[in-house]
Amino acid sequence: MHPILQQLLLAWIGIFTAINLTFGLSEKLRNAGIIDVLWGFSFAILALYFAFSGDGNETRRIILATATCIWSGRLGFYLLLRFKQHYPQEDKRYTELRDKWGKTATPKMFGIFHWQGLLIMIFSVVFAVPTWNESTVISPLEWVGLAIIAVAIIGESIADWQLARFKSQNSGNKVCRSGLWNYSRHPNYFFQWLAWVGFFLLAGASGGWWTIFCPLLMLFLLLKVFGVPANEKQNLISKGSAYKAYQQTTSCFIPWPPRETPS
């Protein structure tokens, strides 16, 4: 078996175990939102594991682990603080699912947890590939990837801070148009996706061009599955016509100057 496959297999076993433990904790807390916290921190933990277990150039492994820990750690702490702030109230996404599923909620929620675990496994490969690159030269493409990741971290941090500040100063039925939110309805998701583009470039520079599925899959998930659709649905319920007007003037994903009048 190729060393990278052994490395990934051990990582996947660890993810499977962590998902089961987190589900057990969520049942004890009666709050499935804890899975979001695991998602946030998981890639930092994986990057550290890959950095220590890979056999490639040490400098590259350190750079990759550092960049991933800053990005994933920031996201994890943000989600942890959000979880603690609302606890014991459960995120509306999970509450709605429990109400919908009724008596079958527990086994179906178990499936949701393992679906997220499967996604973590799938995305983990982009962090493993560069740790086997033995080249001592950090290529221009890798520097571009790191620059993109840096922009993503800064952009997502600013977007989260602007939204949190707005929520602390306004009621829940008002629409945030402050800063980056004036140019995109979901700048946090956009910069989150941009980070995956950067990590893909790092993997691509090490021969892992096939990991292009990572940013493409993340884009699909954010736009069509668990990111934008759920957020838009909830905002339309809580903010009504104000959010409809926001939709008509403001880009959904990519930051772009807003239209002056609704289309």
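Worth pointing out:
- Within segment 180-191, restricting attention to residues that are under 21 Å from the mean Cα position of the chain (by Cα) and in a helix (DSSP H, G or I), the residue that is nearest to G240 (Cα to Cα) is W181.
- Restricting attention to segment 30-77 and to residues that are surrounded by fewer than 19 Cβ atoms within 10 Å (Cβ to Cβ) and hydroxyl-bearing (S, T, Y), the residue that is nearest to A205 (Cα to Cα) turns out to be T59.
- From the list A203, A230, A164, the lone residue that is within 22 Å of A65 (Cα to Cα) and either touching a helix residue (DSSP H, G or I) at 6+ places or on another chain (Cβ under 8 Å) or not basic (K, R) (or both) is A203.
- Residue list for segment 140-176, filter: free of Cβ contacts under 8 Å to residues at least 12 places away in the same chain and either in contact with a Leu (Cβ under 6 Å, 6 or more places away or on another chain) or among the basic types (K, R) (or both): K167
- Per the listing L222, L236, L201, L216, the residue uniquely free of Cβ contacts under 8 Å to residues at least 60 places away in the same chain, hydrophobic (A, V, I, L, M, F, W, C), outside any loop (DSSP other than H, G, I, E, B) and surrounded by 18 or more Cβ atoms within 10 Å (Cβ to Cβ) is L222.
- Within the set I19, I122, the sole residue that is more than 22 Å from L194 (Cβ to Cβ) and at pLDDT 95 or above turns out to be I19.
The values are calculated or read from the model by the stated rules, or taken from the named source; none is laboratory data. What you see is a predicted model, and the numbers here were worked out from it, not measured in a lab. Neighbour counts are summed over all protein chains in view; Cβ atoms, including those assigned to glycine, are modelled from backbone coordinates with ideal geometry.
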